[in-house]
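The values are calculated or read from the model by the stated rules, or taken from the named source; none is laboratory data. Predicted model only: the values in this text are computed from it and were never measured. Positions of Cβ are backbone-derived with ideal geometry, glycine not excepted, and every protein chain shown enters the neighbour counts. In case anyone asks, the SASA skips ligands and DNA or RNA and just uses the protein heavy atoms, side chains included. Shrake-Rupley method; radii C 1.70, N 1.55, O 1.52, S 1.80 Å.
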Amino acid sequence: LDKLKAVFPLAMGPADITDRHASDFATKYGKGTFTRKRVVKDGETAPTYARKAKSVHSRLLSLKAVFSHFKALGLTGENPFKDVQPPELDKDVKHVTRTDVADVFKWLAERFPNWPFPVLFFRVKALVACRLDDLCSLQSSA
C-alpha cells in the first residue's frame with residue numbers, strides 16, 4: 001500500500017481509489033525506477049534501476065488481493081484492481097539439471113579440496129529439500 005500511496009498521495013483511504021487510479025497505478029509504477037538501499041558516500045548517489053515486469057505483476061496481484069479484503073470489510077464498494085491486467089511474464093521456466101548440480105559439486109571439490117563441509121551441507125539441503133534458514137538453525141543434541 002505504501003507504493004500506492006506514493007503514486008496517489010491525495011487519496012485518504014481505500015474508498016478514494018477508483019478504477020482509473022488502479023489502471024494509472026499499473027502504468028506509473030511500471031515506468032518508475034527504484035534504488036537498492038546501500039550506503040553511499042558524501043556527494044554520491046545510489047544508482048537507479050528500471051522496474052521489471054515481474055515486480056509490477058506481483059504488486060498488482062497483491063493490490064488486487066488487498067482490495068478484495070477491503071471490499072469484504074466494507075471499506076470500499078468495489079475492487080478497483082479487479083479488471084487491471086498485470087503485464088505478461090516470460091513463460092520460460094528454467095530448471096536445474098543434473099549436469100548443473102554435478103558442475104556445482106565439481107566446482108566445490110576443486111575450490112575447497114580439503115574441506116568436505118560445503119559439499120555435505122549442500123547434499124543434505126538437496127536431500128531434505130528444506131529452506132536454508134531451517135538447515136542453518138539445526139541444533140546439536142550432543
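Looking at T33, T27, T97 in this structure, which one is open to solvent by 50 Å² or more (accessible area, probe 1.4 Å), modelled with pLDDT under 85 and among the β-branched types (V, I, T)?
Numbers: T27 fails: modelled with pLDDT under 85; T97 fails: modelled with pLDDT under 85.
It is T33.
Select from region 36-70 the residues that are open to solvent by 90 Å² or more (accessible area, probe 1.4 Å) and either part of a helix (DSSP H, G or I) or acidic (D, E) (or both) and list them in ascending order.
D42, K54, H69
Residue by residue through region 49-97, note down the ones that are of a type in the set (D, E) and under 19 Å from the mean Cα position of the chain (by Cα).
E88, D90, D92 - these are the residues of region 49-97 that are of a type in the set (D, E) and under 19 Å from the mean Cα position of the chain (by Cα).
Suppose the filter is open to solvent by less than 90 Å² (accessible area, probe 1.4 Å) and over 21 Å from L1 (Cα atoms); does S137 pass it?
Here the answer is yes, as S137 does meet what is asked.
Just to be sure before I move on: is F122 surrounded by 10 or more Cβ atoms within 10 Å (Cβ to Cβ) and within 23 Å of the chain's Cα centre (by Cα) in the structure I sent?
no
Among A11, A46, which is the only one that is farther than 30 Å from A126 by Cβ and under 21 Å from the mean Cα position of the chain (by Cα)?
So the residue among A11, A46 that is farther than 30 Å from A126 by Cβ and under 21 Å from the mean Cα position of the chain (by Cα) is A46.
What is the residue count in region 35-72 for residues that are among the charged types (D, E, K, R) and touching a residue at least 40 places away in the same chain (Cβ under 8 Å)?
Here is the first cut: in region 35-72, the ones among the charged types (D, E, K, R) are 36-38, 41-42, 44, 51-52, 54, 59, 64, 71.
Filter again for touching a residue at least 40 places away in the same chain (Cβ under 8 Å), leaving 59.
Residues in region 35-72 being among the charged types (D, E, K, R) and touching a residue at least 40 places away in the same chain (Cβ under 8 Å): 1 in total.
Out of D92, D100, D83, report the one residue that is of a type in the set (D, E), assigned to a loop (DSSP other than H, G, I, E, B) and without any contact (Cβ under 8 Å) to a residue 40 or more places away in the chain. Full working, then the answer.
Values: D100 fails: assigned to a loop (DSSP other than H, G, I, E, B); D83 fails: without any contact (Cβ under 8 Å) to a residue 40 or more places away in the chain.
Unique residue meeting the criteria: D92.
Quick one: would you say K3 is in a helix (DSSP H, G or I), within 19 Å of the chain's Cα centre (by Cα), farther than 30 Å from R123 by Cβ and modelled with pLDDT of 85 or more?
No: the conditions fail for K3.
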